[in-house]
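Let me begin by presenting the structure, written as structure tokens, before commenting on it.
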Amino acid sequence: MSAADGSVVGTTKLVDHGPDADRWTLVILSEGYQQAELPKFHTDADAFVTRLFATPPYAEMWCALNIYRVDVASTDSGADDPAACGDGAVGTGTMVNTYFDATFCVAGTRRLLAGDEHLADTTAKAAVPSVAATVVIVNAAEYGGAGGLVAWTSTNAQAGEIAVHELGHSAFRLGDEYGDIHNTYAGAEPNEPNLTANTNKATTRWANLIRATTPVPTLANPDCTTEDTRPSPVPAGTVGLFSGGSRFHCGLYHAEYTCRMRTLGNPFCAVCASTIRATLRPHLPKSSGPLRGVQFSGTLAPRQTHQWFTHDWPACWHVIWTVSATTPVTPGPGIDWHVRVERATRETITYWIEVTNLTATSLDIEARYAIAAKE
């Protein structure tokens, strides 16, 4: 039930977009995987990376990220599952010996799954000193997760969604946008950037995103002893003030009716997405060039069209193409060309460059590139 119940096996860089010091670096740790189960962890970690890439706004910010996998083997498999929980849920009563001592039923809520977050944090930092955020994947099929100093997720069928939601908490300090326990919030303005207690339309936290015609509060809970499940009174994507946040039924508001921080499987709202972008944007590659070169050259017969392709270009490079006739001199337009782009993999680009000789004379041509940013 501690670090004595396992060992750190090794570290693998899954996504490499340059020096860690320049990137926003994410570490994925395994919990409750025995040594023989680590290949399953590799698959689970890859699935999470794939889900993260497919989740806006991470795709547009992808080049800001480096991602590592840290293999941690545990003595036993799974997580503790208390027989009784404060919310009335019943578990199996299973207790296991794992490296981070993960357990369901944290703070009396069965779906809250977490372990020793300080040990997870120090383990990630020991493996990858420049780590910015950590996700711990717990080898348990039951639905569960939590967000704090690090993010925790089970391997449930919704694991990818759980992990992205919990990463919202731990990495970007986003709050839950629902109320399911507490009645009325009466404190100061919350620290979470996607929640507010201010109902003044002119001064509320995201006032610049609220249209003049949108009422505020946009959806106020009429019964603060229960969660408001009424449908939205405004079209999807409307930014306003909707009751519910940080598990309070009333007193806190979130920006849109639907958001991943309220219900899994939905996009991030405009405020949450903006918060994520603001954190990641400083880590995008900066201008480092240009680095110039000729990718290919050839001769085109009169009126001929030819297509070249070039593959395995890093998707994070900013590449500018131009095609020019090198000889002979053409008094008027001599060639027509265009570039098509294929995202061959998550990390690589294939360029298809088609060139047409518009003249009645053979032309020698060059396809030139300039890499404007790569680090």
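Evaluate segment 61-73: report whether one residue or more is closer than 22 Å to L119 by Cα and either assigned to a helix (DSSP H, G or I) or without any contact (Cβ under 8 Å) to a residue 24 or more places away in the chain (or both).
No - not one qualifying residue is present in segment 61-73.
Would you please name the residue that is surrounded by the fewest Cβ atoms within 10 Å (Cβ to Cβ), looking only at residues in segment 254-280 that are over 13 Å from G237 (Cβ atoms) and of a type in the set (S, T, Y)?
Looking at residues that are over 13 Å from G237 (Cβ atoms) and of a type in the set (S, T, Y), I get T263.
Could you check segment 300-342 and list, in sequence order, the residues that are modelled with pLDDT of 95 or more, hydroxyl-bearing (S, T, Y) and more than 30 Å from E60 (Cα to Cα)?
Result: T305, single match.
Report yes if some residue within segment 303-312 is assigned to a helix (DSSP H, G or I) and either surrounded by fewer than 17 Cβ atoms within 10 Å (Cβ to Cβ) or touching a residue at least 12 places away in the same chain (Cβ under 8 Å) (or both); otherwise report no.
no
The conditions are (1) among the aliphatic types (A, V, I, L, M); (2) in a loop (DSSP other than H, G, I, E, B); (3) within 30 Å of I353 (Cα to Cα), and L291 fails exactly one of them. Which is it?
(2)
Inside segment 320-375, can you point out the residues that are of a type in the set (K, R) and either assigned to a loop (DSSP other than H, G, I, E, B) or more than 28 Å from K286 (Cα to Cα) (or both)?
Residues satisfying the conditions are R346, K374.
At least 3 residues that are among the β-branched types (V, I, T) and in the same structural domain as D121 (by TED's automatic domain parsing) in each: list the strands (runs of 3 or more DSSP E) lying fully within segment 171-284 that qualify.
In segment 171-284, no matching strands (runs of 3 or more DSSP E) lie anywhere.
What pairs can you find where one residue is in segment 239-258 and farther than 18 Å from R173 by Cβ, the other is surrounded by fewer than 24 Cβ atoms within 10 Å (Cβ to Cβ) and acidic (D, E), and their Cβ atoms are less than 6 Å apart, with a gap of 6+ or different chains?
Short answer, once both residue conditions are applied: S243/D228; H249/E227.
For (1) within 21 Å of A157 (Cβ to Cβ); (2) over 14 Å from the mean Cα position of the chain (by Cα); (3) free of Cβ contacts under 8 Å to residues at least 40 places away in the same chain; (4) surrounded by fewer than 22 Cβ atoms within 10 Å (Cβ to Cβ), each residue gets a yes or a no:
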position: S7; (1), (2), (3), (4): no, yes, no, yes
position: G18; (1), (2), (3), (4): no, yes, no, yes
position: K40; (1), (2), (3), (4): yes, yes, no, yes
position: T50; (1), (2), (3), (4): yes, no, no, yes
position: G78; (1), (2), (3), (4): yes, yes, no, no
position: G108; (1), (2), (3), (4): no, yes, yes, yes
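Taking segment 229-267 on its own, how many of its residues are of a type outside the set (V, I, T) and over 20 Å from R205 (Cβ atoms)?
Of the residues in that region, 8 qualify.
Within segment 80-95, count every residue that is crowded, with 19+ Cβ neighbours inside 10 Å and under 31 Å from the mean Cα position of the chain (by Cα).
Final tally of qualifying residues: 2.
Does Y99 fit the bill of being in a strand (DSSP E or B) and modelled with pLDDT of 95 or more?
So Y99 does not fit the description; no.
Answer yes or no: is there a residue in segment 145-166 that is β-branched (V, I, T) and part of a loop (DSSP other than H, G, I, E, B).
Among the residues of segment 145-166, at least one is β-branched (V, I, T) and part of a loop (DSSP other than H, G, I, E, B), which makes the answer yes.
Among (1) outside any strand (DSSP E or B); (2) farther than 20 Å from T356 by Cβ; (3) free of Cβ contacts under 8 Å to residues at least 60 places away in the same chain, where does C316 come up short?
(3)
Just give me the residues in segment 258-278 being polar (S, T, N, Q) and in contact with a Phe, Trp or Tyr (Cβ under 6 Å, 6 or more places away or on another chain), in sequence order.
T275
The values are calculated or read from the model by the stated rules, or taken from the named source; none is laboratory data. Note that the structure is predicted; figures quoted are calculated from it, not measured. In this analysis, Cβ positions are derived from the backbone assuming ideal geometry, glycine residues included, and neighbour counts consider all displayed protein chains.
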